[in-house]
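> Below you will find the structure I want to go over with you.
The values are calculated or read from the model by the stated rules, or taken from the named source; none is laboratory data. All values derive from a computational prediction rather than experimental measurement. Heads up, the Cβs are rebuilt from the backbone with ideal geometry, glycines too, and the neighbour counts pull from every protein chain shown. Surface areas here come from the heavy atoms of the whole protein model, side chains and all, with no ligands, DNA or RNA. Shrake-Rupley method; radii C 1.70, N 1.55, O 1.52, S 1.80 Å.
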Amino acid sequence: MTEIQNPDSTAAQGPRSRMSDPMDLLPDLREVSAALFKVVGNGSVPQSTMTLVHLRAGQIVGNTYLTMMHTGILRRAGETEERITAVSSWQDALCFTAAERAALALVEAVLTPAPAGAERVPDEVFARAAEHFDDKAMATLVVAIGQVNFFIPLALIGKPLPGMPASKQWT
């Protein structure tokens, strides 16, 4: 049984993730991850839109690692601080395109529980996204949402260290 480490530990070794690097433990995971990145990197949806969606997913699930990672990606891509900051309150922010707003609504619908008896992704949310994304782009966006959802358990359970280089995120 593996001992769970407290990432906020002040022990001599410093903060630690709860797990070792899953890519080292499960080498086939590298292939799965690479395949997901290849699929969503087909150019049908702007990379900035997908990263905004991934940032919003990290915010919704309350994960600092994902939030910092996707914020950093957006900054390195030249995204403005105004847009990065506004992702958490995108509904009334004026700095997003209609397509970006539709994509953000879609990821929010997927990750936010619906009221009892209501559909999680209502037809209106899908229709709004379909107005801005053709069939291939819509499928890509759906897989991009699935991609971040694939990694959410690793981030929430494994607690990789936020802001650290990839080689130092896992204990």
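> Which condition does Pro165 not pass, out of (1) closer than 24 Å to Arg30 by Cβ; (2) surrounded by fewer than 16 Cβ atoms within 10 Å (Cβ to Cβ); (3) in contact with a helix residue (DSSP H, G or I) (Cβ under 8 Å, 6 or more places away or on another chain), if it passes all the others?
Tallying (1) closer than 24 Å to Arg30 by Cβ; (2) surrounded by fewer than 16 Cβ atoms within 10 Å (Cβ to Cβ); (3) in contact with a helix residue (DSSP H, G or I) (Cβ under 8 Å, 6 or more places away or on another chain), Pro165 fails exactly one: (3).
> Name the residues in segment 109-127 that are open to solvent by 100 Å² or more (accessible area, probe 1.4 Å) and in contact (Cβ under 8 Å) with a residue 24 or more places away in the chain, would you?
none
> For Val87, indicate whether it is farther than 22 Å from Met164 by Cα, in contact with a helix residue (DSSP H, G or I) (Cβ under 7 Å, 6 or more places away or on another chain) and either modelled with pLDDT under 95 or outside any helix (DSSP H, G or I) (or both).
Details: farther than 22 Å from Met164 by Cα: yes; in contact with a helix residue (DSSP H, G or I) (Cβ under 7 Å, 6 or more places away or on another chain): yes; either modelled with pLDDT under 95 or outside any helix (DSSP H, G or I) (or both): no.
The answer is no for Val87.
> Same structure again: Could you list, in sequence order, the residues of segment 143-171 that are in a helix (DSSP H, G or I), of a type outside the set (Gly, Ala, Ser), within 17 Å of His54 (Cα to Cα) and in contact (Cβ under 8 Å) with a residue 12 or more places away in the chain?
Answer for segment 143-171, where residues must be in a helix (DSSP H, G or I), of a type outside the set (Gly, Ala, Ser), within 17 Å of His54 (Cα to Cα) and in contact (Cβ under 8 Å) with a residue 12 or more places away in the chain: Val143, Ile145, Gln147, Val148, Asn149, Phe150, Phe151, Ile152, Leu154, Leu156.
> Of the residues that make up segment 27-48, is at least one part of a helix (DSSP H, G or I), out of contact with any Pro (no Cβ under 8 Å at 6 or more places or on another chain), at pLDDT 95 or above and more than 22 Å from Leu154 (Cα to Cα)?
Yes: segment 27-48 contains one or more residues that are part of a helix (DSSP H, G or I), out of contact with any Pro (no Cβ under 8 Å at 6 or more places or on another chain), at pLDDT 95 or above and more than 22 Å from Leu154 (Cα to Cα).
> Determine, yes or no, whether Ala103 is more than 13 Å from the chain's Cα centre (by Cα) and either of a type outside the set (S, T, N, Q) or modelled with pLDDT of 95 or more (or both).
No; evaluated as a whole, the condition is false for this residue.
> Going by what's in this entry, would Pro15 be described as at pLDDT below 95, open to solvent by less than 50 Å² (accessible area, probe 1.4 Å), outside any helix (DSSP H, G or I) and in contact with a Pro (Cβ under 7 Å, 6 or more places away or on another chain)?
no
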